[in-house]
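K.L.:
Before I ask anything, here is the structure I am working with.
No value in this document is a laboratory result; all are computed from the given coordinates. These numbers were taken from a predicted model, which means no experiment stands behind them. In this analysis, Cβ positions are derived from the backbone assuming ideal geometry, glycine residues included, and neighbour counts consider all displayed protein chains.
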Amino acid sequence: MESDTPLLEVRDLSVQFPSPHGWLTVVDKVSFNVGRNDIVCVVGESGSGKSVTMQAAVGLVQPKGGRIKSGSVRFDGQELVGMGNRQLNRIRGDAIGFIFQEPMSSLNPAYTVGEQIAEVVRRHRGLSRADAWKRAVEALDRVHIASAASRAAEYPHQFSGGMRQRVMIAMSIACDPKLLIADEPTTALDVTIQARILELLRELQRDSGMSVLFITHDLGVVADIARHVVVMYGAQVVESADVDNLFGAPRHPYTSGLLGAMPQVALERGHDPIAIPGTVAQAHSWPSGCRFNPRCIYREEGTCTTTAIPLEPIGGGLVRCARAAELQSTLGRAMVTA
Amino acid sequence: MSNKPCLRVENLHVSYDVGSTGFLGKRRKLHAVNDVSLEIGAGETLGLVGESGSGKSTAGLAILRLIDVASGTVRLGETDVAGATRSELRALRRRMQMVFQDPYSSLNPSMTIAQLLEEPLIIHADIPKDERKAMIGRMLESVGLHAGYAARYPHEFSGGQRQRIAIARAMMLHPELVVLDEPVSALDVSTQSQIMNLLKKIQGDSGTAFLLVAHDLSVVRLMSPRVAVMYLGEIVETGPSGRVYDQPAHPYTAALISAVPFPDPERQRRVNRIILGGDLPSPMSPPSGCRFRTRCPFVMDICSKEAPPKVAVEGGGLASCHLHAHGPKLGGRSLNDFIRDKQIVSAA
């Protein structure tokens, strides 16, 4: 089991959804790895394809009418693309746990939280009711819900937003997953609650050695929790690097632009936030050449606007920018130094 | 305050009726806003910061009389808002407007942009039709949209563009005050700053006062020279934004600032954070004494016995915290020296 191969290998994954404009490619040849005992963040804005990538990887786009056009997703040596639902159901919730943005809509209001966690354990592990309940209480205890034994018998509405997210996390780790997929798990929470959830995820990861694939739009959260970062824009990976390299020396104008647009960074640098002009590219009208080119202040006519730009290695990471080498020092200088 | 106040709020209380405790039970009230006072000068922005349940949005709604005021005074210029009759309110509406958080639900999807922007003109002002059309074109351009967009519907626009439309609609009648309720938090980061810069520009041109309700202190710091921080219905700290952001004098403010992750992994690893334990207490039965005491990492005996007095803070503003007179006796200094080099986790 403990091999050198990554736990999750996404290769050239393309996903399409139907629209009045025909099939739209909303994930376009996306590749990345999640290593063992690793925390990888996929970061992007709305419409970047970050959530769909994750859903496609675990077979959740077909029920929504989407299709996997091409590509491969290997999880712990098994190919997930093309796998039947029965087999996928055995993996989802067991070896792969999930947490979503809105804990209230992911929990059933008619059952106690203990019953819901126990159900997952019974289904995947075939434990008796009593043992599954014990396991549920243990899971609630691991996410630091005080007096877990009595709270397990309460219903979701009796928990606050932050506590519900803890319940969701308890459910997702109850079967000791190898991979935890967290899709914007703190976005709906207040910042003081977010800080505690991030702390909890870090602790659970450290103690269990599971890997975490964390999807977010917030570069602050990325800096807080990630070891490796994948930046998506316009359905493609535009940059991928270790967290220190990404923040210390961003190679893609979009990455450095996002940083410059953040209020905290602007405050640090003592100027107004620098907006990225224009709006996020849409799947029915990708610009030709680099998909970021209409918004890029470093755009060069021809170089950036005619042919598709490949994702190429640079400085230990990968970047999709025709001018990456010459912009290296410019973008590096634009970075914050603490 | 540099000039005469546009908005003056004194001892504002807002409560919601939350039904009774069982059959023939006592009617219960939820005090969402408790004794809030604030002032905004003409053309100025005041930031009102807090998390969910702090009462910041309720305060904004009550100031516009979109919900009822339980007690206290609200004055727009010389006019009494809190006590205004229905017909007086109607006249007041054109002088104060609101921009909501979610531009996907705040614009009527069956109306064109022209109709959306024209509506306030028809209701509140007697302006000929062709003049109205010219005004709409000018307003669209001033919020950075083509005048030609007037014939389109809201669904044809992105979130950032919709928020521009919502701002245009609020500004149509040149109001004296606009309450901005989380105007950028539903937007992508790359467009957030576009909207922040637009709001600043519009204020510079129009001289409208803004009450900026937001959870993100860094957004408020960028947008407004002064800030008030709310917790569980009360203002716990006020002051110049720079002072409050860099040198908080209330533990809640300090926790709020330290909880926001900074986009620098190296700094995130070594930063000293204040992690608040517990949950927001129920506003139905707020804690005795200081309302923050159940989550405060520095809680003392006195905190449950007496409500903290407002203390003047070095560098401007007020903070309601016993630490200034008891314990470390900060005497109006910021908490920074006191909390330096500590990883602070509150109990609860």
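K.L.:
Out of every Cα pair in segment B:221-303, what percent are spaced more than 17 Å from each other?
P.N.:
Details: 1854 of 3403 pairs.
Summing the P(r) of segment B:221-303 above 17 Å gives 54 percent of all pairs.
K.L.:
Compute the long axis of helix A:113-125 from its Cα atoms, compare it with the longest principal axis of the Cα atoms of chain A, and write down the angle in degrees, 0 to 90, nearest 10.
P.N.:
Taking Cα atoms only, the helix is inclined about 90 degrees.
K.L.:
For B:ASN108 and A:ASN108, what is the calculated FRET efficiency with R₀ set at 45 Å and r taken between the beta-carbons, to the nearest 0.05? Mind showing how you got there, number by number?
P.N.:
Numbers: r = 34 Å, r/R0 = 0.76.
Step by step, r from the Cβ atoms, then E = 0.85.
K.L.:
Positive end of the dipole of the protein assembly as shown, charges at C-beta (+1 Lys, Arg; -1 Asp, Glu), about the Cα centre: which of A:MET168, B:LEU187, B:SER87 has its Cα farthest in that direction?
P.N.:
B:SER87
K.L.:
P(r) tail for chain A, what percent of Cα pairs lie past 36 Å?
P.N.:
Values: 12929 of 56953 pairs.
Of all Cα-Cα distances in chain A, 23 percent exceed 36 Å.
K.L.:
Using label points projected 7 Å from each Cα along Cα→Cβ, tell me how many nm separate A:HIS284 and A:THR307, to one decimal.
P.N.:
Once both label points are built, they end up 3.1 nm from each other.
K.L.:
Could you give the size of the charge dipole of segment B:248-345 about its Cα centre, using +1 on the Cβ of each K and R and -1 on the Cβ of each D and E, expressed in debye and rounded to the nearest 20?
P.N.:
Numbers: 13 positive and 8 negative charges, 13 e Å.
The calculation lands at about 60 debye.
K.L.:
What does the structure give for A:271-279 when I average, per residue, the other chain Cβ atoms found within 10 Å of the residue Cβ?
P.N.:
Details: counts 1, 6, 10, 3, 11, 7, 3, 5, 9.
Partner-chain Cβ atoms within 10 Å, mean over residues of A:271-279: 6.
K.L.:
I've got another one for you. Given R₀ = 25 Å, FRET efficiency for B:ASP80-B:TYR16 by Cβ-Cβ distance, to 0.05? List each step's numbers first, then the result.
P.N.:
Values: r = 23 Å, r/R0 = 0.91.
Step by step, r from the Cβ atoms, then E = 0.65.
K.L.:
Divide, for segment A:234-333, the radius of gyration over alpha carbons by 2.2 N^0.38 Å, where N is the residue count.
P.N.:
On the way: Rg = 13.5 Å, N = 100, 2.2 N^0.38 = 12.7 Å.
Compactness ratio reported: 1.06.
K.L.:
Per residue and in Å³, how big is the convex hull formed by the alpha-carbon atoms of segment B:248-345?
P.N.:
Details: hull volume 11.0 nm³, N = 98.
Taking the convex hull of the Cα positions in segment B:248-345, it is 113 Å³ per residue.
K.L.:
Give me Rg over Rh for chain B, both radii from the alpha carbons and Rh done the Kirkwood way, two decimal places. Walk me through the numbers before you get to the answer.
P.N.:
Working: Rg = 21.6 Å, Rh = 21.6 Å.
Ratio value, two decimals: 1.00.
K.L.:
If you don't mind, another one. Based only on the alpha carbon positions, what is the Kirkwood hydrodynamic radius of the protein assembly as shown, in angstrom? Present the calculation step by step, with values, prior to reporting the outcome.
P.N.:
Numbers: mean 1/r = 0.0369 Å⁻¹.
Mean inverse Cα-Cα distance, inverted, gives 27.1 Å.
K.L.:
Ignore the peptide's own chain and count Cβ atoms of other chains within 10 Å of each Cβ in A:280-289; give me the average, rounded. Could you put the intermediate results ahead of the total?
P.N.:
Working: counts 6, 0, 1, 0, 0, 0, 0, 0, 0, 0.
Taking all residues of A:280-289 together, the mean is 1.
K.L.:
Efficiency by 1/(1 + (r/R0)^6): what FRET value for B:ASP246 and A:ARG86, r their Cβ-Cβ distance, R0 = 51 Å, to the nearest 0.05? Present the calculation step by step, with values, prior to reporting the outcome.
P.N.:
Numbers: r = 58 Å, r/R0 = 1.13.
Efficiency, rounded to the nearest 0.05: 0.30.
K.L.:
Let me ask another. Relative to the Cα centre, what is the charge dipole magnitude of the protein assembly as shown, using +1 at the beta carbon of each Lys and Arg, -1 at the beta carbon of each Asp and Glu, and rounding to the nearest 20 debye?
P.N.:
Values: 74 positive and 70 negative charges, 163 e Å.
Taking the Cα centre of the protein assembly as shown as origin, the dipole is about 780 debye.
K.L.:
Select from A:ASP244, A:ASP218, A:ASP190 the residue whose mean-square fluctuation is largest in a Gaussian network model of chain A (Cα-Cα springs shorter than 10 Å).
P.N.:
A:ASP190
K.L.:
In whole Å, what three semi-axes, largest first, describe the equivalent ellipsoid of segment B:96-144 built from its Cα gyration tensor (square root of 5 times each eigenvalue)?
P.N.:
20, 13, 11
K.L.:
Further question on the same structure: Can you give the Rg to Rh ratio for segment A:31-166, taking only C-alpha atoms and Rh from Kirkwood?
P.N.:
Details: Rg = 16.9 Å, Rh = 17.0 Å.
Value, to two decimals: 1.00.
K.L.:
Distance check, please: which entries in A:LYS29/A:LYS64; A:LYS64/A:LYS134; B:LYS305/B:LYS329; B:LYS4/B:LYS201; A:LYS134/A:LYS178; B:LYS29/B:LYS305 exceed 25 angstrom between their Cα atoms? List each step's numbers first, then the result.
P.N.:
Working: A:LYS29/A:LYS64 20 Å; A:LYS64/A:LYS134 35 Å; B:LYS305/B:LYS329 18 Å; B:LYS4/B:LYS201 21 Å; A:LYS134/A:LYS178 21 Å; B:LYS29/B:LYS305 23 Å.
Pairs exceeding the cut-off: A:LYS64/A:LYS134.
K.L.:
Provide the gained length on full extension for the span B:LYS310 to B:ALA147, in nm with one decimal, where the gain is 0.36 nm per separating residue minus the Cα-Cα distance. Can you show the working numbers first?
P.N.:
Working: separation 163, 0.36 × 163 = 58.68 nm, distance 4.99 nm.
Contour length minus the Cα-Cα distance gives 53.7 nm.
K.L.:
Now, a different point. Return one quarter of the surface area of the convex hull spanned by the alpha-carbon atoms of segment B:50-121, equal to its mean projected area, in nm².
P.N.:
Numbers: hull surface 25.5 nm².
Computing the convex hull of the Cα atoms and averaging its projections yields 6.4 nm².
K.L.:
For A:ASP12 and A:LYS69 in the same chain, what is the full-extension length gain: residue separation times 0.36 nm, less their Cα-Cα distance, in nm?
P.N.:
On the way: separation 57, 0.36 × 57 = 20.52 nm, distance 0.99 nm.
Length difference between fully extended and current span is 19.5 nm.
K.L.:
May I pose another question? Kindly provide the trypsin sites (Lys or Arg not before Pro) of segment B:253-348 that DSSP labels as loop, not H, G, I, E or B, and whose Cβ sees at most 13 other Cβ atoms within 10 Å.
P.N.:
Counting only loop positions with at most 13 other Cβ atoms within 10 Å, the trypsin sites (Lys or Arg not before Pro) in segment B:253-348 are B:LYS329, B:ARG340, B:LYS342.
K.L.:
Based on DSSP H assignment, which helices of chain B show an axial Cα extent of at least 15 Å together with a mean Kyte-Doolittle hydropathy greater than or equal to -1.0?
P.N.:
Details: long enough: B:113-124 (18 Å, 0.95); B:129-142 (20 Å, -1.04); B:159-171 (18 Å, -0.38); B:189-206 (26 Å, -0.34).
Qualifying helices: B:113-124, B:159-171, B:189-206.
K.L.:
Suppose every Lys and Arg Cβ carries +1 and every Asp and Glu Cβ carries -1, with no other charges. What dipole size does segment B:64-160 come out with about its Cα centre, to the nearest 20 debye?
P.N.:
Working: 12 positive and 12 negative charges, 21 e Å.
So the dipole magnitude of segment B:64-160 works out to roughly 100 debye.
K.L.:
Please find, in a Gaussian network model of chain B (springs between Cα atoms separated by less than 10 Å), the residue of B:ALA319, B:ALA254, B:ALA186 whose mean-square fluctuation is greatest.
P.N.:
B:ALA186
K.L.:
Taking the Cα of B:LYS329, stepping 7 Å toward and past its beta carbon, and measuring to each backbone N in segment B:275-311: which are under 14 Å?
P.N.:
The answer is none.
K.L.:
Using Cα-Cα distances under 8 Å and only pairs 6 or more residues apart, what relative contact order does segment A:144-209 have, in percent? Write down the numbers at each step before the final one.
P.N.:
Values: 20 pairs, mean separation 20.2, N = 66.
Relative contact order for segment A:144-209 comes out at 31 percent.
K.L.:
I need two numbers for segment A:180-298: Rg to one decimal and Dmax as a whole number, Cα atoms only, in Å.
P.N.:
Rg then Dmax for segment A:180-298, in Å: 15.8, 46.
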